[in-house]
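Reviewing the structure listed below.
Read the figures in this text as sums done on the coordinates, not as results from a lab. All values derive from a computational prediction rather than experimental measurement. Reconstructed Cβ throughout: ideal geometry from the backbone, glycine too, with neighbour counts over all protein chains shown.
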Amino acid sequence: MIQIVDKAKCCGCCACVDVCAHEAITLKTDIEGFWYPEVDKEKCVDCGLCEKVCPELHIPDLKKNDYAKPIRTIAAINKDMRVRWDSTSGGAFSALAGVMYEEGGYVSGAVYNADFSVSNYISNDKNDLARLRSSKYLQSKASGLYREIRSLLRGGEKVLACGTPCQMAALRSFLGREYDNLVIVDFICRGVNSPKVYRKYLDSLERKYGGKVVYVKAKNKELGWRSLTRKVVFDNGAVYYGVRMDDDFRRGYHTNVFCRPSCYRCQYKGFPRMADITIADYWGIENVDKNLDNNIGTSMILLNSKKGAAYFEKVKERLEWQETPFESVLPGNIALLKPIEPPQIDRRQFFSDLDSTTFDAVVQKYFPLRGQSGFSHWKQTVKSLIVPYYRSGLSFKACRNFVRLNFRKNTRSDWKKGNVVYTMPGSVFDVHPTARIRVDAPLLYGNNPVRGLRMPTCLRMEAGTTFEIHGGPLTRYGAGPYNLRYGAYIEIINGGRLVLGQGAANVGLTIMCAKEVTIGNGVRIGRNVSIRDWNGPHVILNSHYRNHAPVHIGDHVWLCSGCTVMPGVTIGEGSVVAANATVTKDVPPHSLVGGSPARVIRENIEWY
């Protein structure tokens, strides 16, 4: 009979619960939020099945496969960009699952419950894929899964099962034999986190944002795959973006504070793998194949068995993929080979404090977000100011312009926070003393990556004009300054006001502002784009002609190469203006427009 004396020797797979025909085993959750089997001795007949299926007790028997190491290593991205965008990595799991659904089979994985706890789930409904997709980063409860999979397999149904390495080892142990109609997929697991801590974390966010959590996405990609962003949406419309180690839960996870005790001595690392296929993030793909990396996520696929290799042949048409050296995945996936280190805290006291106080309080006590201060902060600030110059070619002129522009009487900038205009060597400024500049986020003005090229980037501001550089999600989460490439010409005249949100503009941007031009956050501007709210002193004698009128460009707009935005135009959020288009009237949100004059080509679009 199962008796848990050392909690580090129980991975919580739940196979013992499923194998007990007498229902003598139930799961009891401890103070840490992890479940462990408990035996009702009155119901138990001491058959020994629970010990027989326990993967922790049978590692030597389970840790075998057709190959000692993966036969092939694959870098892959899903050809369906929507799928890739919604996936944790490159969408490999969705491709694997899609084939099984097409064959009429079943797919299992982890899904959020209503309270954002996680359970294992299986179905043959392809509409469930959106729930199954993406990592959840806390332990999932798999009780009932093993029985259901065994029943389906015995009935001749095909099954693709995906889970943590310990869960998939437990599945093999529970089944007791090979099934040709079963494909097992695991992933590189760093460790499973406490569901209790996760719920406390969400509770803390609900208090901060004044609403109930309705959506959570780990590794949301709006700020890039590498930003490791957790996006949380609340029922009042508020949105939280937790980026890298700024997010309290991720910081606690990566300091190993609240993983399951068995994770610190995990027996499922290394080789041979017990699954047919292993999937993960392909960290380091930029050093292997840059064509498969645009910071939207790339999957790593290890083919561990003959069955896994054969199944990949069915899947590969759904992927853009490249076979890569096995050694290339090791530096970015240490968890493939070794367990995490135990935390350097009093774990018992941590969970006691979690019960008696808030998540925010234990964060401050055990893994606070440490900011820089004193000399360290000054050193980092100076470095952040100087590095752009070294990258583009340090020059006296650039330094002189930097000082003249950022420390003038009518400029509001904050060099301590890095909220300044970085003046590149080729940038030229003609700014009237009364012109007002407000810098709430960094701006890289005239960035030029071409050695020896000194194409000027100009800013002219007449008396009484205003130029505002606003912050936004990209600056708030450390994505770097607004990147305004070389060859730009910005002219603000006649008391005009230009407002620039955070984004990026390619070579040759022209902005003529005599009234008001506002450009939102996340706007991407291609080569040789022209934006103007004034046509100069010339007029056309027509009742519909507008010589000057404000231009407003919403958030997350893409202005493609060579397009022109004319006076009086408002471009709605999320829209795309096609190359060489001339926009003469308002563009509805989430629309693709093209032509001259531009017209709506497609509605309800998304782009990233």
The stretch 278-345, Kirkwood Rh and Cα Rg, ratio Rg/Rh at 1.04
Phi angles of the stretch 206-212, converted by Karplus (6.51 cos²θ - 1.76 cosθ + 1.60, θ = phi - 60°) into ³J(HN,Hα) in whole Hz with x for Gly and Pro, give 4, 5, 5, 9, x, x, 8
Gln344 and Asp414 label points (each 7 Å along its Cα→Cβ direction) are spaced in nm at 3.3 nm
Over 25 Å (Cα to Cα) among Lys52/Lys269; Lys200/Lys269; Lys79/Lys585; Lys158/Lys316; Lys290/Lys416 -> Lys200/Lys269; Lys79/Lys585; Lys290/Lys416
Quick calc, the stretch 220-291, dipole around Cα centre from Cβ unit charges on Lys, Arg (+) and Asp, Glu (-), nearest 20 debye, gives 280 debye
Dipole check, the chain, charges on Cβ (K,R +1; D,E -1), about Cα centroid: among Leu152, Val288, Asn256 the Cα furthest to the positive pole belongs to Val288
With the dipole of the stretch 1-83 defined by +1 on each Lys or Arg Cβ and -1 on each Asp or Glu Cβ, the option from Val5, Leu27, Ile74 whose Cα lies farthest towards the positive pole is Ile74
Once phi for every residue in the stretch 80-96 is put through the Karplus expression 6.51 cos²θ - 1.76 cosθ + 1.60 (θ = phi - 60°), the whole-Hz ³J(HN,Hα) values, with Gly and Pro written as x, are 7, 4, 5, 5, 4, 4, 8, 9, 5, 10, x, x, 5, 4, 5, 5, 4
In nanometres, the difference between 0.36 nm per residue of separation and the alpha-carbon distance of Thr255 and Ile601 is 119.6 nm
Final fewest-first order of His22, His470 on the 10 Å Cβ neighbour count is His22, His470
Extension length gain for Leu369 and Gln322 (0.36 nm per residue less Cα distance), in nm, is 13.0 nm
Simple spin-label estimate for Arg147/Asn287, 7 Å along Cα→Cβ, in nm, reads 4.8 nm
Amide H proximity to Ile571 below 5 Å, modelled H, separation 5+ or other chain, gives His552, Ile553, Gly554, Val587
Residue span Arg400 to Cys47: 0.36 nm per residue of separation minus Cα-Cα distance leaves a gain in nm of 118.7 nm
Out of Trp607, Leu302, Val99 - ranked by how far each Cα lies towards the positive end of the dipole of the chain, with unit charges on the beta-carbon of charged residues - the top one is Trp607
Magnitude of the Cβ-charge dipole (Lys and Arg +1, Asp and Glu -1) of the chain about the Cα centre, nearest 20 debye, reported as 2040 debye
Burial-style ranking of 83-92, 319-328, 433-442, average other-beta-carbon count within 10 Å with highest first, yields 83-92, 433-442, 319-328
Restricting to Cα pairs under 8 Å and 6 or more apart, the percent relative contact order of the chain works out to 9 percent
Between Ser352 and Ile540, Cβ-based FRET efficiency (R0 60 Å, step 0.05) works out to 0.20
Options (i) 34; (ii) 41; (iii) 28 are given for percent of Cα pairs over 39 Å apart, and the computed one is (ii)
For the stretch 183-240 (alpha-carbon point model, no solvent) the Debye-based log₁₀ I(q)/I(0) at q = 0.15, 0.17, 0.27 Å⁻¹ works out to -0.56, -0.69, -1.11
When His538, His590 are ranked with the fewest other C-beta atoms within 10 Å first, the list becomes His538, His590
For the stretch 139-203, listing trypsin sites (Lys or Arg not before Pro) in a DSSP loop whose Cβ sees at most 13 other Cβ atoms within 10 Å gives Arg177
Treating only Lys and Arg (+1) and Asp and Glu (-1) as charged, each at its beta carbon, one finds that the stretch 1-45 has a dipole about its Cα centre, in Debye to the nearest 20, of 100 debye
Quick shape check on the stretch 155-214: root eigenvalues a ≥ b ≥ c of the Cα gyration tensor, a/c under 1.5 is rounded, otherwise prolate if a/b tops b/c, else oblate, and it reads prolate
Residue-ordered couplings for the stretch 196-203, obtained by feeding phi - 60° into the Karplus form 6.51 cos²θ - 1.76 cosθ + 1.60 and rounding to whole Hz (Gly and Pro as x), are 5, 5, 4, 5, 4, 4, 5, 4
